[in-house]
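J.: Below you will find the structure I want to go over with you.
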Amino acid sequence: MKCRRCGARAEVQLRAHNTAFCRPCYLFFFRRQVERAIDAQRMLVAGERILVAVSGGKDSLALWDMLADLGHDTTGLYLGLGIGEYSDRSREKVEQFAAARGLPLRVVKLEDEQLAVPGVAAATRRAPCAACGTMKRHYFDAAAFAGGFDVLATGHNLDDEAARLLGNVLRWQKDHLARQRPVLPPSHPKFVRKVKPLYLTSEYETAVYAFMRGIDYIVDECPNAAGATQLLYKGALDRLEVASPGTKLAFVKEFLRSAQPAFAAVEQREPMECAGCGMPAYGVLCSFCSLVREVENRRARTSSALPA
Ligand code: Q46
Ligand code: ZN
């Protein structure tokens, strides 16, 4: 097969785009795709300070690599989840990536706050991903605000967005559909704009980019991913994609074009400020502080039940 752009031997075939590329042309194509997404959605303004949430996986490191390469002012934020060896190794990957490129990196470890994901999930009897999601959102928002950043960028790719959309549609979660956008403007002065520059590039395309750019990322999934419903949705979408290439892209793009504005138009609640941490909240306490309160109560009950 030949490269669609230069005619050399193709190295990558993209069925969703009905095309194929050699290595240099693929890198050109991928970069153009991301740049177009950024421009079309007005995600970034020149000179803005961007906080990039990095997990050590291919998507977030590919995103950081690309944004830094495009000349943006980027700082990485790694949140250590305290999930055993997986967290140790993912932190190493991020630290090596940042050091090799001379990029600034901030590291926050949940275990230092006595909030490692496994312990919090057990204490609150929640699924690990539910506890993890609440804490990630809080620490990302709080770090972006405290650090005076303009934008928070995450590495969500097309597969993530399609799976999330399918989950939201299956349960008709209108609030979630109203906020499922590649650019989320701040709804409170303590929030910053949130962007997903890779929302139209598939997991496979991002993996190929990371490989070609020599990015050393953690290949293993988080051990909790296996039980997550997101994987179930991803599996179903993968089967549809094999039978009909381009399905995921059409699903997400058409949702954003024709359905999302209707959900977004439904009046959204304005957040207040959390009595615990001062960050935006929809109740007296934000969901993070409610979670922490539950953990503390549980620990207090457990320690008072111990024999003196
Ligand atoms: S890191 Fe956290 Fe994921 Fe692990 S515990 Fe679940 S949500 S699977 S992206
Ligand atoms: Zn709070």
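None of the figures in this text is laboratory data; all of them are computed from the coordinates on show. A quick note: this is a predicted structure, and the numbers were derived from the prediction, not measured. Ideal geometry is used to build each Cβ from the backbone, glycine not excepted, and the neighbour counts take in all protein chains shown.
J.: Which order results if L177, L184 are arranged by neighbouring Cβ count within 10 Å, fewest first?
T.: By the 10 Å Cβ count, ascending: L184, L177.
J.: Now a separate question. Using amide H atoms built 1.01 Å from N in the peptide plane, name the residues 5+ places from G80, or on other chains, whose amide H lies under 5 Å from its own.
T.: Amide H to amide H, under 5 Å and 5 or more residues apart or across chains, G80 pairs with V108, K109, L110.
J.: Here's another thing I want to ask about it. Within 9 Å, Cβ to Cβ, of F21, how many net charges do the neighbouring residues add up to if Lys/Arg are +1 and Asp/Glu are -1?
T.: After counting each charged neighbour, the total is +2.
J.: Please give the net charge around S202, taking every other residue with its beta carbon less than 14 angstrom from that of S202, where Lys and Arg add +1 and Asp and Glu add -1.
T.: Numbers: positive: R15, K58, K196, K234, K248, K253; negative: D59, D159, D160, E161, E203, E205, D238, E241.
My count for the surroundings of S202 gives -2.
J.: Right, next: Which ³J(HN,Hα) values in Hz, rounded to whole numbers, follow from the phi angles of segment 189-197 under the Karplus curve 6.51 cos²θ - 1.76 cosθ + 1.60, where θ = phi - 60° and Gly and Pro get x?
T.: x, 8, 9, 10, 5, 10, 10, 10, x
J.: When a footprinting reagent is the concern and you count Cβ atoms within 10 Å, what order do M279, M66, M272 take, fewest first? Display every interim value, and only then the final one.
T.: Details: M279 20, M66 24, M272 13.
Fewest to most other Cβ atoms nearby, the residues stand as M272, M279, M66.
J.: Still on this model: Springs between alpha-carbon pairs under 10 angstrom, Gaussian network model over the chain: which of L152, L232, L67 fluctuates most?
T.: Most flexible of the set in this elastic network: L232.
J.: Please compute the contact order of the chain in relative form: average sequence separation of alpha-carbon pairs under 8 Å and at least six residues apart, divided by the residue count, as a percent.
T.: With pairs under 8 Å counted, the relative contact order is 19 percent.
J.: Report, in degrees rounded to the nearest 10, the 0 to 90 angle that the Cα long axis of helix 287-304 makes with the longest principal axis of the chain.
T.: 40
J.: Turning to a different aspect of this structure: Suppose we keep just the DSSP beta bridges with both residues in the chain; what percent of those would be antiparallel, to 5?
T.: Working: 8 of 24 bridges.
Taking every DSSP beta bridge within the chain, about 35 percent pair in antiparallel fashion.
J.: When the dipole is taken about the Cα centre of segment 31-269, and only Lys, Arg (+1) and Asp, Glu (-1) are charged at their Cβ, what size is it in debye, to the nearest 20?
T.: It comes to approximately 760 debye.
J.: Cα axis of helix 229-243 to longest principal axis of the chain: angle in degrees, 0 to 90, nearest 10?
T.: 10
J.: Take the Cα atoms of the chain, find their three principal axes, and give me the spread along each one in whole Å, biggest first.
T.: Principal extents (largest minus smallest coordinate, Cα): 77, 45, 40 Å.
J.: Suppose we flag chymotrypsin sites (Phe, Trp or Tyr not before Pro) only when DSSP calls them loop and at most 13 other Cβ atoms lie within 10 Å. Which is the longest uninterrupted stretch of the chain?
T.: 1-171
J.: Also, quick follow-up: Relative to the first principal axis of the alpha-carbon coordinates of the chain, what is the inclination of helix 128-146, with its axis defined by its Cα atoms, in degrees from 0 to 90 and to the nearest 10?
T.: The helix 128-146 is inclined about 80 degrees to the chain.
J.: May I ask you to list the trypsin sites (Lys or Arg not before Pro) in segment 32-110 that are in a DSSP loop and have at most 14 other Cβ atoms within 10 Å of their Cβ? Please report the intermediate quantities before stating the final value.
T.: Details: sites: R32, R36, R42, R49, K58, R89, R91, K93, R101, R106, K109; in loops: R42.
Of the trypsin sites (Lys or Arg not before Pro), the ones in loops of segment 32-110 whose Cβ has at most 14 other Cβ atoms within 10 Å are R42.
J.: Here's a follow-up. Using a Cα-Cα cut-off of under 18 Å, which lysines could be cross-linked to K194, ignoring same-chain neighbours fewer than 8 residues away?
T.: Reachable lysines: K136.
J.: Counting other Cβ atoms within 10 Å, keep those with at most 12, restrict to DSSP loop, and tell me which trypsin sites (Lys or Arg not before Pro) in segment 140-207 are left.
T.: Details: sites: R164, R171, K174, R179, K190, R193, K194; in loops: R171, K190.
For trypsin sites (Lys or Arg not before Pro) across segment 140-207 that sit outside H, G, I, E and B with at most 12 neighbouring Cβ atoms in 10 Å, the list reads R171.
J.: What number comes out for the charge environment of T124, summing +1 per Lys or Arg and -1 per Asp or Glu over other residues with Cβ under 9 Å away?
T.: +2
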